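The values are calculated or read from the model by the stated rules, or taken from the named source; none is laboratory data. From a predicted model like this one, the values you see are computed outputs, not experimental measurements. With ideal geometry, Cβ positions are generated from the backbone for all residues, glycine too; neighbour counts draw on all protein chains shown.
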Amino acid sequence: MSLNGYEELEHIADLALKVWGEDFETLLRQAAFGFYHLMGAEIGSGPDTEEVFTIPQGSRESILVDFLNELLFMVEDAQMIFHDFVFERSERALTVRAFGCKSVALERTIKAVTFHELEIEQVGNRLEARITFDV
Amino acid sequence: MTALTLDVFQQISEFEWEISPDFREDMRVPVRVFASKALLLESLGDKSILQAVNASTLPGLLEAVMVMPDMHQGYGFPIGGVAATDPETGVISPGGIGYDINCGVRLLSTSIKADEAREWLPDLAAMINQFCPSGVGVGSQLHLSKQELAKACVEGARWAKAEGYATDHDLNHTEDNGRLEGADPEKVSDRAMSRGQSQLGTLGAGNHFIEVDVIAKIFDDEAARIMGLREGNLVVQIHTGSRGFGHQICTDYVRRLQGAIQKYGIVLPDKQLVCAPIKSPEGQDYLGAMRCGANYAFLNRQLLTHKLRQAFESALAGKVKDWHLTQVYDIAHNIGKFESHLVDGEQRRVCIHRKGATRAFGPGSAGLPEDYADIGQPVLVPGSMGTASWVLTGTETSMQRSFGSSCHGAGRVMSRSEAKRGIWGEDLFKRLKKQGIEIRAGSMAGLAEEAPEAYKDVDQVVESVVGAGIASKVARLHPLVVIKG
């Protein structure tokens, strides 16, 4: 298994992802890519736009949920899909600079990112999380 | 903790089972399951019963956490769960209501004979698809300002009446007349308002649908007559909820209430069970916002009803004698509200949470329209596209044993990815067409995810609630036209 990645997990009612990365920022990136994969989101070919948003500091789990919920809102509200992220940490917040453009296709609606059984664990040389999405 | 097997249940009757609060140290009340032995055994294959046990740890619970036979694993609460808390000492939990606040079902009757309309059904499917916005990313045609939306989510379905999209009969035949008191738009975030503005009056995607059915069999002549249901006639079901508006409200408060559990010293076995004392500022804020979501959903189904009426007129006027749609009832199956129920032999006001469970008030209950006072409230149980749906009524037993609640559907048994691996959307489309069912779907992959084999047998679910006495059969419906987003 590669150091960074994601895979869809079986879930009877909803959707679930396993994501992993060599550090927390990479885990966030992989979670974003896995999330877009679940949505069947296809990014357009227009010029990149940069969006900046902040996530309040908290547990790693709450930052992960807040980050994905931010992406969910931007897909629904502005059809924005991002292919790259730069993270800057401060004592109070995580600032995210996200690069991407409008989607040209979306296959599925995801209602929300949940905290259900969410735990970020160190497994060997990488961080792993299982995320459940309400659909 | 002992493993969850059939041995941990006490069998109360053929269709009722209980887990004692002694089962786990942190349980506050029993878990009461309404199901046949076969459905109960099937449910032990996922985490739904474990989630009900987790839910039984919430502060201020009364009587028992109930689980309906269409249960399946959710997040925090199981889908099919019912819980009541004490308004003075108990909590309100967004997870016990769900992201799709007031997801629900509406049933409309017609006097159109299926045989009379059969040749026009493809046109009808096309017109419904054209008039009723559905599918991923398909937006509202209303373009309300934030101020107008704030008013609409206080007024609920009543807003539609003022705008000419509803009749008095529609409102009277909607749970709580299509409006929960106490909605407070000030407690709704700008994000939720923005999502709400762009999606009002849309069906959405996933398991939401509009379905035209034929009434295949009547089981209770009197109740069916009063509801306007006649064998061989067409009826229409709408299944949708509060769209991104409700999803965002729930997301906002699940996040905000993470802090409240620490503040109030509440210990939870799962973060998704997050809650706040009903009397706390956080609990009151959530209630105000959640009621906005509930009212939005009542309004959403009302607006789709208006569009459906236009679609029926366009497709069938001049071809059938009477193409009008009359509302039978509209019910929520994801909601939280205050009701009066029997607790330990005493009538008390409780805060009821229903998540994937339907209100099922028996005859004589307060809040029913006059014409249903003697028969009880219609309980609408949609099936799964190629299978039957049911119209039931609430009973006196549901008022005594299940806080006036019953099942809400078939309940999934297969993951979406498994369904897509095993079922080819195009094949399913052809198979349903061969069975005489017209399908309009946003995507073939989405259709495969919602295949009938991904769900429990709805007839078994209905046999369980009827066997347990918490609902009574009125009519069985068979699908003819299905619109999926």
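Please work out if B:Gly74 is of a type in the set (Gly, Ala, Ser), in contact with a Cys (Cβ under 7 Å, 6 or more places away or on another chain) and closer than 16 Å to B:Gly336 by Cβ. Reasoning before the result, please.
Details: of a type in the set (Gly, Ala, Ser): yes; in contact with a Cys (Cβ under 7 Å, 6 or more places away or on another chain): no; closer than 16 Å to B:Gly336 by Cβ: yes.
Criteria not met by B:Gly74.
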Any residue at all in segment B:11-34 that's under 27 Å from B:Arg256 (Cα atoms), in contact with a strand residue (DSSP E or B) (Cβ under 7 Å, 6 or more places away or on another chain) and among the basic types (Lys, Arg)? yes
Which residues, counting only those in segment B:181-204, are closer than 21 Å to B:Leu304 by Cα and not in a helix (DSSP H, G or I)? B:Leu200, B:Gly201, B:Thr202, B:Leu203, B:Gly204
Is there a residue being out of contact with any Lys or Arg (no Cβ under 8 Å at 6 or more places or on another chain) and at pLDDT 95 or above anywhere in segment B:338-347? no
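Given the condition part of a strand (DSSP E or B), buried (at least 24 other Cβ atoms within 10 Å of the Cβ) and at pLDDT 95 or above, answer yes or no: does some residue in segment B:33-43 qualify? So that I can check it myself, show each step before the final result.
Residues of segment B:33-43 that are part of a strand (DSSP E or B), as a first pass: B:33-34.
Among the residues that remain, those that are also buried (at least 24 other Cβ atoms within 10 Å of the Cβ) are: B:33-34.
Right, trim to at pLDDT 95 or above and you get B:33-34.
Yes, some residue in segment B:33-43 is part of a strand (DSSP E or B), buried (at least 24 other Cβ atoms within 10 Å of the Cβ) and at pLDDT 95 or above.
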How many residues, within segment A:98-119, are among the β-branched types (Val, Ile, Thr), within 8 Å of chain B (Cβ to nearest Cβ) and not in a loop (DSSP other than H, G, I, E, B)? 1
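Picking from B:Arg225, B:Arg243, B:Arg255, which residue would you name as being of a type in the set (Lys, Arg) and out of contact with any Asp or Glu (no Cβ under 9 Å at 6 or more places or on another chain)?
On the way: B:Arg243 fails: out of contact with any Asp or Glu (no Cβ under 9 Å at 6 or more places or on another chain); B:Arg255 fails: out of contact with any Asp or Glu (no Cβ under 9 Å at 6 or more places or on another chain).
Only one candidate passes the filter, namely B:Arg225.
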(1) touching a Gly at 6+ places or on another chain (Cβ under 7 Å); (2) of a type in the set (D, E, K, R); (3) closer than 26 Å to B:Leu108 by Cβ: which one isn't true of B:Arg354, the others all being true? (1)
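Please determine, by comparing only the residues of segment B:264-311 that are in a helix (DSSP H, G or I) and either free of Cβ contacts under 8 Å to residues at least 12 places away in the same chain or among the β-branched types (Val, Ile, Thr) (or both), which one is nearest to B:Gly81 (Cα to Cα). Break it down into steps so the answer makes sense when it comes.
Residues of segment B:264-311 in a helix (DSSP H, G or I): B:271-273, B:281-311.
After this cut, where a residue has to be either free of Cβ contacts under 8 Å to residues at least 12 places away in the same chain or among the β-branched types (Val, Ile, Thr) (or both) as well, the list is B:281, B:284, B:305.
Details: B:Pro281: 26, B:Gln284: 22, B:Thr305: 28 Å.
Top of the filtered list is B:Gln284.
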Any chance you could count how many residues in segment B:56-95 are over 23 Å from B:Ala468 (Cα atoms) and either at pLDDT below 95 or away from chain A (no Cβ under 11 Å) (or both)? 17
Take the residues in segment B:389-419 that are surrounded by fewer than 24 Cβ atoms within 10 Å (Cβ to Cβ) and among the hydrophobic types (A, V, I, L, M, F, W, C); name whichever of them is farthest from A:Glu10 (Cα to Cα). B:Met399
All positions within segment B:80-105 that are β-branched (Val, Ile, Thr), under 16 Å from B:Arg359 (Cβ atoms) and part of a strand (DSSP E or B): B:Val82, B:Val105
Between residues in segment B:416-444 that are in a helix (DSSP H, G or I) and residues that are at pLDDT 95 or above, which pairs lie under 8 Å by C-beta distance while being six or more apart or on different chains? B:Leu432/B:Val482
